[in-house]
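Below you'll find the structure, written out as structure tokens, and then a few comments.
The values are calculated or read from the model by the stated rules, or taken from the named source; none is laboratory data. These figures come from a predicted structure and were not determined experimentally. We place every Cβ from the backbone using ideal geometry, glycine too, and count neighbours over all the protein chains shown.
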Amino acid sequence: MRPVVDEKITEQAAMYALGMLNQSEARAFERCLNDGQEGCVEDLASFDAVVTALAFSAPERTPPESLRTRLLMTIASEAETAEIPVVQNSQLPAPQFHNVRLEQGKWKRLADGVFVKTLFVDQEKDEVTSLVKLEPGARFPSHRHTGIEESIVILGDCHVNGEALAPGDYRRASAGTTDSEITTVNGTTYLVIGPRKMEILESGWTS
């Protein structure tokens, strides 16, 4: 069994890769990296690779025709102007970010030993980004995916349909597929991006 301190380093590395540490926590972890503390560099490299792969795994989407029409009308309107002004950087709108720190958010209990924390809801795509936590010996019930679901194991041991997944492992489930169950021996936490609703196939559970 790995020492507790190793699990803490793994958790901090995962949250650092996801940009979920606050400033003081991030600086502390960077000092760990600079000092060459065992586990820091290796864990961060593993999570960085997985987060990068997840970013490029999203399917390409064609913009709606209405957006294309508005863009062409805007371009045509500006072309008729005698002088096109140059927009300075200070006039550009500030980028929008959404951060949820490690200590922020609320864990919602779904059943004995099963908890979920919502990180972000995309109303347009009807998708949600969440953390799911299973305590030692807990299980998530049989369910059907109503859309594409992507997940990354952050901590612990995670077993999906009998297949063991470890921290840093990435999984993608296609729409219409079914997971018979998700279980853990020593506890697990994983990140999920997928539809807001899933079809639970067991009674006594809510999706």
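For the subset of the stretch 198-207 comprising residues that are in contact with a His (Cβ under 9 Å, 6 or more places away or on another chain) and in a loop (DSSP other than H, G, I, E, B), which member is surrounded by the most Cβ atoms within 10 Å (Cβ to Cβ)? Within the stretch 198-207, the match that is surrounded by the most Cβ atoms within 10 Å (Cβ to Cβ) is Met198. Residues that are part of a helix (DSSP H, G or I), of a type in the set (S, T, N, Q) and under 23 Å from the mean Cα position of the chain (by Cα) within the stretch 18-37 comprise Gln23, Ser24, listed in sequence order. Would a scan of the stretch 63-72 turn up a residue that is surrounded by fewer than 17 Cβ atoms within 10 Å (Cβ to Cβ), part of a loop (DSSP other than H, G, I, E, B), among the basic types (Lys, Arg) and at pLDDT below 70? Within the stretch 63-72, none of the residues are surrounded by fewer than 17 Cβ atoms within 10 Å (Cβ to Cβ), part of a loop (DSSP other than H, G, I, E, B), among the basic types (Lys, Arg) and at pLDDT below 70.
Taken over the stretch 183-197, the criterion of being buried (at least 20 other Cβ atoms within 10 Å of the Cβ) and more than 14 Å from Ile152 (Cβ to Cβ) is satisfied by Thr184 alone. Taking the stretch 127-182 as the search range and keeping residues that are crowded, with 18+ Cβ neighbours inside 10 Å, over 16 Å from the mean Cα position of the chain (by Cα) and aliphatic (A, V, I, L, M), which one is farthest from Met198 (Cα to Cα)? Top of the filtered list is Leu165.
Being in a loop (DSSP other than H, G, I, E, B) and at positive phi holds for only one residue in Gly147, Gly137, and it is Gly137.
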